[in-house]
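The values are calculated or read from the model by the stated rules, or taken from the named source; none is laboratory data. The model shown is predicted, which means the values in this text are computed figures rather than measured ones. FYI the Cβ positions are ideal-geometry reconstructions off the backbone, even for glycines, and counts take in every protein chain you see. We work out accessible area using only protein heavy atoms, side chains counted, and drop any ligands, DNA or RNA first. Shrake-Rupley method; radii C 1.70, N 1.55, O 1.52, S 1.80 Å.
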Amino acid sequence: MNAQTVFLGALALLPLLASAAPVETLGSKHTAFLASCTSTECPLGLCDPDDYNISGAAYFVNGPPTGTTASATAFAVTSNSRWEGVTRSVTWSRYGSFKINIDAKAASLPKGEIAGQATLTATGAADELFLCFKEGNTKFRTNYQGDAYSCTAAYYCPSIQTGTLTPTTPA
């Protein structure tokens, strides 16, 4: 069974999972954001703000960031800021390779619409599937090559990896 078949099967389960009884855990908290970032420091003191911009994929092990001061667990820079219509792969050295497929027309989608999918492949582990949504507001911080950056997400990709549903007992 290939990753796309598993992804489509998991996607079909989403309505059932959303209407399920309360659960203790629903699966992975892993979250990724595809973002544009601006340096918060000017190394020479006379910088044009556009001189220190990067784009990349941020990984959060414990769920989405809360507050603009949250820092990414891992961050990988891409060579191009365009996500739409191309397949990109980044590597978070400790966590694995993240392959991203954002639809060619995703830039024109409203916030919250499904924009694509991604897969995290880690050595010795099963692939973890992510569903990507149009974003645009979430802010977080990251460090790259010793410099601090403030980032704004273009796309939000939560894991759709599910665990065992454990119904809770009503109080």
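Tabulated data
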{"item": "Scope the range 118-145; condition touching a helix residue (DSSP H, G or I) at 6+ places or on another chain (Cβ under 8 Å) and basic (Lys, Arg); matching residues", "result": "Lys134"}
{"item": "Selection count where residues are open to solvent by 80 Å² or more (accessible area, probe 1.4 Å) and either assigned to a loop (DSSP other than H, G, I, E, B) or at pLDDT 95 or above (or both), scope the range 111-141", "result": "7"}
{"item": "Residue match in the range 75-91 (condition: in a strand (DSSP E or B), at pLDDT below 90, closer than 23 Å to Ser150 by Cα and open to solvent by less than 50 Å² (accessible area, probe 1.4 Å))", "result": "yes"}
{"item": "Failed item, numbered, when Ile54 is tested on (1) among the β-branched types (Val, Ile, Thr); (2) open to solvent by less than 70 Å² (accessible area, probe 1.4 Å); (3) modelled with pLDDT of 90 or more", "result": "(3)"}
{"item": "Filtered residues of the range 92-110 (kept if assigned to a loop (DSSP other than H, G, I, E, B) and under 13 Å from Tyr59 (Cβ atoms))", "result": "Ser93, Arg94, Tyr95"}
{"item": "Residue among Tyr156, Tyr149 that is buried (at least 19 other Cβ atoms within 10 Å of the Cβ) and modelled with pLDDT under 90", "result": "Tyr149"}
